[in-house]
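The numbers here are math on the coordinates, done by the rules we state, and not lab data. All of these numbers come straight from a predicted model, not from anything done at the bench. Cβ placement follows ideal geometry from the backbone for every residue including glycine, while neighbour counts extend to all protein chains displayed.
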Amino acid sequence: MNLADLRRDYNLHGLRRADLAPEPFAQFQRWFEEAEQAIGKDANAMTLATVSPEGQPSVRIVLLKGLDLAKGLQFFTNYESDKCIELDAQPRAALIFQWLALDRQVCIKGVASKCSEEESRSYFQSRPRASQLAAWTSKQSRVVADRATMDAWLAEKEAHFEGKDPLPLPPFWGGYWVVPTEVEFWQGRAARFHDRMRYRRTGDEWLIERLSP
């Protein structure tokens, strides 16, 4: 396999300054709606990057579950996971949405903080019961002997919560808001001469800048 020969050109769209909304949330909503039409339910998948106290970056895919002009972008997870240990030590994060069907990326840098307990409870109890049970069962990011061990843990939780619906919020589970400080909208163009438009917060305003590809 010759990886150097794997390439295609990007010719779907361009991105002009005149096409942009004055602030990034409105622009993101425009692109997200187009991504939903092109991709479907996976449009809210985003890469989350965090950094360990030793400076080691980590990345993983999480799902966008909320968008708020004041609070930022929201996702939910196990608070005992590696990502949360890293966010507790260094509450800065980066997010990337990659919508290949549209030759687009949205790259976000920001500050992360935990959701309120009520926000976490409300979302947790809206999830399917099977997902609630899985969240109670999982010891996220920890080594486990085999799948059979995990299945046994799940069976124990099913018996423990039999007849209870919805389940209570686990004390180790909840959400985060990432408040953006920078948001870049990347549109693929022919010959790798891409369009990159960045919103950068300056006080209470957003400065819009074109970046060289």
* Distance between modelled label sites at Ser141 and Ala101, nm, 7 Å Cα→Cβ extension -> 3.2
* **aspartates and glutamates with Cα under 15 Å of Lys41, excluding same-chain neighbours fewer than 8 positions away** => Glu33
* Computed helical MRE - 222 nm, the chain, DSSP H runs ≥ 4 contributing -39500 (n - 2.57), nearest 500 -> -8000 deg cm²/dmol
* To do: Sort 55-68, 174-187, 92-105 for me by packing, meaning the mean count of neighbouring Cβ atoms within 10 Å per residue, highest on top.
  => 174-187, 92-105, 55-68
* **Length released on extending from Phe193 to Met1, taking residue separation times 0.36 nm less the Cα-Cα span** => 66.5 nm
* J(HN,Hα) series, the range 94-110, from Karplus relation 6.51 cos²θ - 1.76 cosθ + 1.60, nearest Hz, glycine and proline x -> 10, 10, 9, 9, 10, 10, 5, 5, 10, 6, 10, 9, 10, 10, 10, 10, x
* To do: Just name one of Ile39, Val179, Leu133: the one whose Cα is farthest towards the positive end of the charge dipole of the chain (beta-carbon charges, Lys/Arg +1, Asp/Glu -1).
  => Ile39
* Other-chain or far-sequence residues with amide H under 5 Å of Tyr79's (modelled H) -> Trp173, Gly174
* Kindly provide the Kirkwood hydrodynamic radius of the range 122-213 in Å, to one decimal, from all pairs of distinct alpha carbon atoms. => 17.6
* Structure fact -> If Arg8, Arg200 are placed from fewest to most neighbouring beta carbons inside 10 Å, the sequence is Arg8, Arg200
* To do: Starting from the Cα of Ser52, step 7 Å toward the Cβ, then list every residue of the range 79-120 with an amide N under 12 Å from that point.
  => 82-83, 86
* Mind checking which lysines have their C-alpha under 24 Å from Lys114, skipping anything on the same chain fewer than 8 residues away? -> Lys65, Lys71, Lys83, Lys139
* Between Glu23 and His160, what is the spin-label point distance in nm, taking each point 7 Å from the Cα along the Cα→C-beta axis? -> 4.3
